[in-house]
Every structure is written in structure tokens, then in C-alpha cells.
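Engineer: The structure under discussion is supplied below as C-alpha cells; questions concerning it will follow.
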Amino acid sequence: MTKPKTRIVLALVAAALFVVVAATVSVLVVAVRDAPEHTPELTAYAKGTTVDVAPFAYCAVSMRDCKVLPERPADAEGTVFAGLPCDPNVSECKRGRTVDLEVPPDYPLQLSLPKKVADAPWLAQLVYVTSNGEKVDQVVSRHDYPEGALAITIDSHPTPELRLIGVELQLPILARDETGREFYVPHAAWSISTV
């Protein structure tokens, strides 16, 4: 019996490695393709604390096939999300909630946006309270920040009389009522309480 030549052995080893790599890549491609699509999450940061913010509500732009709806029915009352159905292709509709993050006065709230949200026409409803308890709403949008900004900073105390108590980041769509009046409603929202 003669010994196989070194070249033949190396060729067989290379072929075996190629088969293993090709099989591994194929398995990964199928796993990624068949993985369920996750709803985008924001990251919120203030004074050394970071929290992940899952959607409070997340529906298709058609306002059907929701993947996330508010956890408590009372949270949906009076909103566009009241009475919406879950996506029939989702085994269980996720329940969204407001995330708590204490933002002390004079510290900013920083939000990190996933690219999918940063590239969308988002807006943020900022809720402030005055020293006498009156709520004051302000709205900022993607247009108030540099194009493609993946992080935004929100002043928690923009004037001596205002204190930030909450933020709701929304992905709006244009809607029309029975009279033909057009207005914006969110098809997705992330909610943060800052007190």
C-alpha cells in the first residue's frame, strides 16, 4: 500500500471544510429568514440609568394586524389603539406598557433610536408640568434633529417653571374622518414616564 500524496490529503480536507462551512451558512440563512420579526425598541438614558423601551403599541400602517397593544384597556381608552385587533398571524399579541425612568431636574433624557425608527417620520410628544400642576405639551419631530440622527436629547427642565414628566415617541400616519378632515394618528408608540 502506498501513502496518499500530501496534495490529495489537503484537497480532501479543504473539500470537507468547504462542505461544513456551506452547511453552517445554509442553516444560519434559514434560521435568520424564519426568525420572527421583532418590534423595534428604544433605549432611554438619564443620570447613569439605562432602560430598554419596548413599544407601548405597534400596528401596521393600515392600523390592522397589531403586534403590540397597551397592557391595560384603560391605557388605550380615548386613543386610536382602543378596540384594535391583534395580528391573526401572531400567536399571542404582546402587551405594551409605559416604562419608568427617573429623570432628575437639570439632567437630560437621551433616547437612542433604532435605524428603522430614526429613518421614519417620527414625532415625540413631550409632557411637562408647571409648579402649580398644569400640564404643558410640546412636540418635537425628526425634522428638529440632524438627518438620520440615531440619538436625541430632551431637556428635562427647559425653563424654570417646566419639569418633564413623560415622553411618547410616535410613528404617525395620515388619517381621515367621516367629514374628510385629515389628521395624524400614531400606528406605533413608545411611552416613558420620567417621574
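Engineer: Within the range 55-74, work out how many residues are in a loop (DSSP other than H, G, I, E, B) and surrounded by fewer than 19 Cβ atoms within 10 Å (Cβ to Cβ).
Structural biologist: 8
Engineer: Considering only the range 68-125, state which residues are at positive phi and either free of Cβ contacts under 8 Å to residues at least 24 places away in the same chain or not assigned by TED's automatic domain parsing to the domain that holds THR49 (or both).
Structural biologist: Scanning the range 68-125 gives GLY78, GLY83.
Engineer: So, one more: Among (1) in a loop (DSSP other than H, G, I, E, B); (2) at pLDDT 95 or above; (3) not hydrophobic (A, V, I, L, M, F, W, C), which single condition is TYR128 missing?
Structural biologist: Status for TYR128: all satisfied but (1).
Residue by residue, here is whether (1) at pLDDT below 95; (2) out of contact with any Cys (no Cβ under 6 Å at 6 or more places or on another chain); (3) farther than 16 Å from ALA189 by Cβ holds:
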residue	(1), (2), (3)
THR50	no, yes, yes
ALA54	no, yes, no
ALA60	yes, yes, no
ARG72	yes, yes, no
ALA82	yes, yes, no
LEU113	no, yes, no
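Engineer: Additional query: Go through the range 76-121 and report how many residues are among the polar types (S, T, N, Q) and surrounded by 13 or more Cβ atoms within 10 Å (Cβ to Cβ).
Structural biologist: Result for the range 76-121: 4.
Engineer: Any idea which residue in the range 86-104 is nearest to VAL61 (Cα to Cα), counting only those that are assigned to a loop (DSSP other than H, G, I, E, B) and of a type in the set (Val, Ile, Thr)?
Structural biologist: By that ranking, first place goes to VAL90.
The values are calculated or read from the model by the stated rules, or taken from the named source; none is laboratory data. In this text, all values refer to a predicted model and were calculated from it rather than measured experimentally. Positions of Cβ are generated from backbone atoms using ideal geometry, with glycine treated the same way; all protein chains shown enter the neighbour counts.
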